[in-house]
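K.L.:
The structure is given below, and queries will be raised subsequently.
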Ligand SMILES: Nc1nc2c(ncn2[C@@H]2O[C@H](COP(=O)(O)OP(=O)(O)OP(=O)(O)O)[C@@H](O)[C@H]2O)c(=O)[nH]1
Ligand SMILES: [Mg+2]
């Protein structure tokens with residue numbers, strides 16, 4: 001719970017004004033005073049009540065609306081929280097803020113401060129906070145599902161369960177080391193510890209194997225559009241984006257900078273990157289564009305390498321993660337040539353007539369689909385690092401266990417559990433002692 005010295009914070013929690021409704025939240029020890037000052041009453045917890053908001057200094061009515069009261073600790077932040085539902089006018093919100101700002105111990109909330117207080121008060125753990133951030137930022141269904149799973153503790157509950165198993169094994173080992181003269185400590189403690197550690201290591205490896213997919217889903221599946229100048233790269237990007245994001249012209253070398261556009265392909269976020277046409281050039285600006293184009297192609301998840309259908313000797317694509325060659329301007333070649341070319345291993349496309357576009361979209365969706373499906377548990381580098389460290393320590397524990405060194409096993413397990421604790425933001429040394437005394441009734 002927040003201490004007496006904690007400020008009471010307030011902020012507009014709904015979107016940009018003006019809007020139909022504005023939600024102002026107040027959290028902290030004096031939230032009740034804020035509500036009484038503005039609305040003249042505090043309703044029953046969790047029940048919406050009609051209220052007339054006034055400025056007590058002038059007695060002026062500010063607005064009519066609703067108020068909600070959540071008494072701490074049963075609130076989002078764990079503190080007393082009031083929610084004001086106002087009409088979403090700028091002057092209304094400004095007047096409410098003016099009243100709150102005059103109150104002793106009140107100040108505007110900093111970014112993320114409500115969530116931060118929820119974290120500090122144990123309402124959310126660290127990975128749930130990250131899930132919440134992703135949930136608000138999610139732009140596609142697959143991103144939303146993944147974020148919601150994390151917010152609901154998908155990762156933390158798994159990590160906590162792992163940690164508990166480790167802490168228990170550790171406690172048993174330490175009991176055997178520290179209290180080996182006590183009669184009620186089992187003899188062979190290493191065998192169950194080894195079994196536990198190798199089982200956990202296996203589970204961690206499989207969660208880690210899924211991590212790149214989770215991280216990628218947050219950022220989007222990156223598709224770079226590359227190829228020689230003037231083949232219709234920007235035209236294709238505009239067509240896929242269904243708006244004019246890039247300049248198209250018959251002059252080769254039109255695109256210089258890499259241009260990004262976000263697409264939602266069947267729930268999976270795809271970032272298309274239009275790049276400068278790749279060719280030898282003396283123009284330093286274009287040369288920089290070509291350098292960037294090649295770098296983007298190299299880093300992309302998929303490269304669509306475009307060449308003109310009538311080009312008999314098109315330049316080959318640079319090495320990327322995965323390259324698909326597309327032949328553009330299909331409308332400019334006769335049907336005989338079209339047949340001959342499509343017999344080869346490339347797709348024909350006309351951004352002008354739309355021919356081949358459906359097939360391309362299907363292909364992109366199926367390439368990106370790997371990111372959808374069952375949401376991954378690890379979605380951030382921070383979590384992956386901590387989990388990798390936990391696994392490394394667990395493997396270390398197995399290695400020293402093989403040599404029969406009990407104290408070292410316990411130490412490696414402790415470091416592994418600590419690394420896991422970093423994922424959820426809860427690392428407690430006290431727990432180990434608690435565990436020893438709970439399960440062995442040593443009674444000291
Ligand atoms: N007939 C025909 N013309 C096309 C097609 N796609 C693009 N074009 C034309 O080809 C020219 C070049 O198109 P852009 O999209 O600017 O080509 P780009 O590959 O982005 O070119 P740079 O940015 O210079 O590398 C423009 O005049 C387009 O109108 C197509 O499918 N059919
Ligand atoms: Mg272009």
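K.L.:
Kindly evaluate residue 71 against the criterion of being touching a strand residue (DSSP E or B) at 6+ places or on another chain (Cβ under 9 Å) and either modelled with pLDDT of 95 or more or buried (at least 20 other Cβ atoms within 10 Å of the Cβ) (or both).
P.N.:
yes
K.L.:
Out of 300, 224, 293, which single residue is more than 8 Å from ligand 1 (Cβ to nearest atom), touching a helix residue (DSSP H, G or I) at 6+ places or on another chain (Cβ under 9 Å), on the phi < 0 side of the Ramachandran plot and touching a residue at least 40 places away in the same chain (Cβ under 8 Å)?
P.N.:
Testing whether each residue is more than 8 Å from ligand 1 (Cβ to nearest atom), touching a helix residue (DSSP H, G or I) at 6+ places or on another chain (Cβ under 9 Å), on the phi < 0 side of the Ramachandran plot and touching a residue at least 40 places away in the same chain (Cβ under 8 Å) leaves just 224.
K.L.:
Filter the range 247-293 down to residues that are assigned to a helix (DSSP H, G or I) and in contact with a strand residue (DSSP E or B) (Cβ under 8 Å, 6 or more places away or on another chain), then give me how many there are.
P.N.:
Summing the residues that are assigned to a helix (DSSP H, G or I) and in contact with a strand residue (DSSP E or B) (Cβ under 8 Å, 6 or more places away or on another chain) in the range 247-293 gives 1.
K.L.:
Among residues belonging to the range 374-424 that are under 23 Å from the mean Cα position of the chain (by Cα) and not in a helix (DSSP H, G or I), point out the one that is farthest from residue 148 (Cα to Cα).
P.N.:
380
K.L.:
Using beta carbons and a limit of 6 Å, which pairs, at least six apart or on different chains, have the first residue in the range 355-376 and closer than 30 Å to residue 331 by Cβ and the second one assigned to a helix (DSSP H, G or I)?
P.N.:
So the pair list comes out as 355/330.
K.L.:
Restricting to the range 213-241, and then to whatever is part of a helix (DSSP H, G or I) and more than 15 Å from ligand 2 (Cβ to nearest atom), can you tell me which residue is nearest to the chain's Cα centre (by Cα)?
P.N.:
Out of the qualifying residues, it is 218.
Conditions (1) within 16 Å of ligand 2 (Cβ to nearest atom); (2) closer than 30 Å to residue 127 by Cα; (3) in contact with a helix residue (DSSP H, G or I) (Cβ under 9 Å, 6 or more places away or on another chain), marked per residue:
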| site | (1), (2), (3) |
| --- | --- |
| 308 | yes, no, yes |
| 346 | no, no, no |
| 358 | no, no, no |
| 362 | no, no, no |
| 371 | no, yes, yes |
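K.L.:
Within the range 97-106, can one find any residue that is more than 13 Å from residue 35 (Cβ to Cβ) and either buried (at least 20 other Cβ atoms within 10 Å of the Cβ) or within 31 Å of the chain's Cα centre (by Cα) (or both)?
P.N.:
No, the conditions are met nowhere in the range 97-106.
K.L.:
Would you call residue 197 touching a residue at least 40 places away in the same chain (Cβ under 8 Å), under 30 Å from residue 155 (Cα atoms) and more than 16 Å from ligand 1 (Cβ to nearest atom)?
P.N.:
yes
K.L.:
Right, here's the next one. Return yes when residue 244 is within 16 Å of ligand 1 (Cβ to nearest atom), exposed (fewer than 15 other Cβ atoms within 10 Å of the Cβ) and outside any strand (DSSP E or B) and no when it is not.
P.N.:
yes
K.L.:
Would you confirm whether or not the range 10-24 contains a residue that is within 29 Å of residue 129 (Cβ to Cβ), without any contact (Cβ under 8 Å) to a residue 40 or more places away in the chain and under 33 Å from the mean Cα position of the chain (by Cα)?
P.N.:
Scanning the range 10-24, I find at least one residue that is within 29 Å of residue 129 (Cβ to Cβ), without any contact (Cβ under 8 Å) to a residue 40 or more places away in the chain and under 33 Å from the mean Cα position of the chain (by Cα), so the answer is yes.
K.L.:
Given the conditions (1) more than 26 Å from residue 123 (Cα to Cα); (2) within 29 Å of the chain's Cα centre (by Cα); (3) free of Cβ contacts under 8 Å to residues at least 40 places away in the same chain, and given that residue 60 satisfies all but one, which numbered condition is not satisfied?
P.N.:
Among (1) more than 26 Å from residue 123 (Cα to Cα); (2) within 29 Å of the chain's Cα centre (by Cα); (3) free of Cβ contacts under 8 Å to residues at least 40 places away in the same chain, residue 60 violates only (2).
The values are calculated or read from the model by the stated rules, or taken from the named source; none is laboratory data. Note that the structure is a prediction, hence the values are computed from the model and not measured. Backbone-built Cβ (ideal geometry, glycine too); neighbour counts: all protein chains shown.
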